[in-house]
């Protein structure tokens, strides 16, 4: 699995994406459809229409890197847009930010709809 620092930004595109897209196609979606910079150092998650495939695009200092996962059975849970980036994306589809643990749970197939994060520390 990917080892991520807690400061990395993770963006999830809520609209289904054609999983035949490669590096340049996904970077164009990030730039033109989502209105974000693919070279910003963030991770960009895309789910297919059937939600059995996911691709993660990120810039790795000297080029794009692409992580892809296909499920043999089942589907990735429908993402819950809790922290939208702006009002909506350029195309009208919401883009949300995920924490690293939320991305890990999503990739493991755990539904975030009923999950609740409890406070661990109070002042």
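Annotations for the structure displayed:
- Taking the number of Cβ atoms within 10 Å of each Cβ as an exposure proxy, the fewest-first ranking of 121, 23, 58 is 121, 23, 58.
- A simple packing score, the average count of other Cβ atoms within 10 Å per residue, orders the peptides 61-70, 34-43 as 34-43, 61-70, with the highest score first.
- Residues 72, 108, 102 arranged by fewest to most Cβ contacts within 10 Å: 72, 108, 102
The numbers here are math on the coordinates, done by the rules we state, and not lab data. Keep in mind that this is a model prediction, so the values were computed, not measured. Cβ atoms come from the backbone with ideal geometry, glycine included; neighbour counts cover every protein chain shown.
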